[in-house]
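Data block below; observations after.
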Amino acid sequence: MTTKKEILEHYQNGQRFYRNVDFGNGETYAESNFEEAIFENCYFGVDFSNSNFRNARFSDCNLKSTNFNNCDLIKTEFINCLVEGIEFGKSDTSSLIFENNTNFGTEVRIDAKTNKLTNFTLPLIAELYENIPDFEILSDHLSDDLLYVVFGDLSLILSEQITELKKPNKLIIDSFNFFNYLGAKNNKEIDNLLVVGIYEGLYWSKKCNDLSRELLKERTKEVYEYWMMNGNIKSDY
């Protein structure tokens with residue numbers, strides 16, 4: 001095992017590259033300087049609080065239970081790392097580059113307000129949750145990196161609620177307003193997402209179809225009706 005003394009001497013001697021180094025030797029590295037250091041496939045799980053990692057890079061590292069509280073993380077990079085139990089505390093993470101890092105197998109990002117890890121959410125899904133808050137509450141958020149899965153889950157909920165309720169609730173109204181907003185973009189990829197992710201789950205029911213055609217507007221309604229007659233799941237209601 002590499003000792004703390006050897007690790008720090010390596011840096012002090014002008015070396016900036018660490019590969020396959022195990023920092024987990026039971027010692028603290030608080031108040032250390034690793035500015036511009038590069039860590040590749042290293043193991044940590046140590047206390048780095050009050051340390052300097054400006055312009056440093058961590059790639060393919062095991063950072064489980066590592067403490068980066070009150071550190072200088074200006075333009076620091078975390079790429080393809082395991083980050084279960086990582087702590088950023090009061091550190092400024094605004095310029096930190098954080099890509100493809102996983103927490104128990106799920107890609108995560110850093111919440112800018114709390115510095116806590118949250119599941120990675122695709123921009124369009126984040127927009128969906130913002131516009132349909134009642135669905136965000138119902139969602140388990142396990143598939144927030146999979147567009148068609150999340151839209152499919154929404155379609156199932158819409159189908160159930162439309163058929164069970166006497167009149168549309170807030171979730172239904174918010175959903176169709178959001179679909180109209182997306183449809184107005186005149187984007188074929190978004191059209192396909194709506195058809196496959198949402199509409200195909202509604203075509204089976206006359207009640208769902210009737211309400212959809214009532215709430216969808218202009219171009220969005222045209223796309224809905226076209227694929228209702230010509231798509232994989234046809235409806236003659």
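Between LEU122 and LYS167, what FRET efficiency follows from the Cβ-Cβ distance if R0 is 35 Å, with the result rounded to 0.05?
E between LEU122 and LYS167, to the nearest 0.05, is 0.65.
Modelled label-to-label distance, ASN80 and THR2, 7 Å Cα→beta-carbon offset: nm?
Those two pseudo-labels are separated by 1.8 nm.
Share of antiparallel DSSP beta bridges in the range 75-165, in percent to the nearest 5?
60 percent
At a Cα cut-off below 14 Å, give the aspartates and glutamates reachable from LYS75, other chains included and same-chain residues fewer than 8 away excluded.
GLU35, GLU36, ASP92, GLU99
Report the net charge of residues surrounding LEU211, where surrounding means a beta-carbon distance below 15 angstrom and charges are Lys +1, Arg +1, Asp -1, Glu -1.
+2
Let me have the 222 nm mean residue ellipticity of the chain computed from DSSP H runs of 4+ only, each contributing -39500 (n - 2.57), with the sum over all residues rounded to the nearest 500.
-11500 deg cm²/dmol
Hey, quick one: spin label on THR28, modelled 7 Å out along Cα-Cβ, who in the range 43-58 has an amide N within reach, i.e. under 13 Å?
Counting only backbone N, you get 46-51.
In angstroms, what radius of gyration and Dmax does the range 40-79 have, counting Cα atoms only?
9.6, 24
Around ASN55, under 12 Å between beta carbons, what's the net of Lys plus Arg minus Asp minus Glu among the other residues?
Once all neighbours under 12 Å are counted, the net charge is 0.
In the range 1-135, what % of DSSP beta bridges are antiparallel (nearest 5)?
Percent antiparallel among DSSP bridges in the range 1-135 is about 25.
What pairs in LYS166/LYS217; LYS170/LYS206; LYS5/LYS113 have C-alpha atoms more than 28 Å from each other?
LYS5/LYS113, as the Cα separations exceed 28 Å there.
Just to be sure I understand: of the beta bridges DSSP finds with both ends in the chain, what percent are antiparallel, rounded to 5?
Here the share of antiparallel DSSP bridges comes out near 25 percent.
Considering only ILE137, THR66, PHE88, whose Cα is most displaced toward the positive end of the charge dipole of the chain, charges sitting on Cβ of Lys, Arg (+1) and Asp, Glu (-1)?
Looking along the dipole axis, the top candidate is ILE137.
Using the basic label-point model (7 angstrom from Cα toward the beta carbon), what is the ASP210 to LYS185 distance in nanometres?
Output for this residue pair reads 3.2 nm.
Leaving out ligands and nucleic acids, note down the accessible area per residue over the range 1-90 with a 1.4 angstrom probe, in whole Å².
On a per-residue basis, the range 1-90 sits at 50 Å².
The values are calculated or read from the model by the stated rules, or taken from the named source; none is laboratory data. Note that the structure is predicted; figures quoted are calculated from it, not measured. Cβ atoms come from the backbone with ideal geometry, glycine included; neighbour counts cover every protein chain shown. The area values use the complete protein model at the heavy-atom level, side chains included, leaving out ligands, DNA and RNA. Shrake-Rupley method; radii C 1.70, N 1.55, O 1.52, S 1.80 Å.
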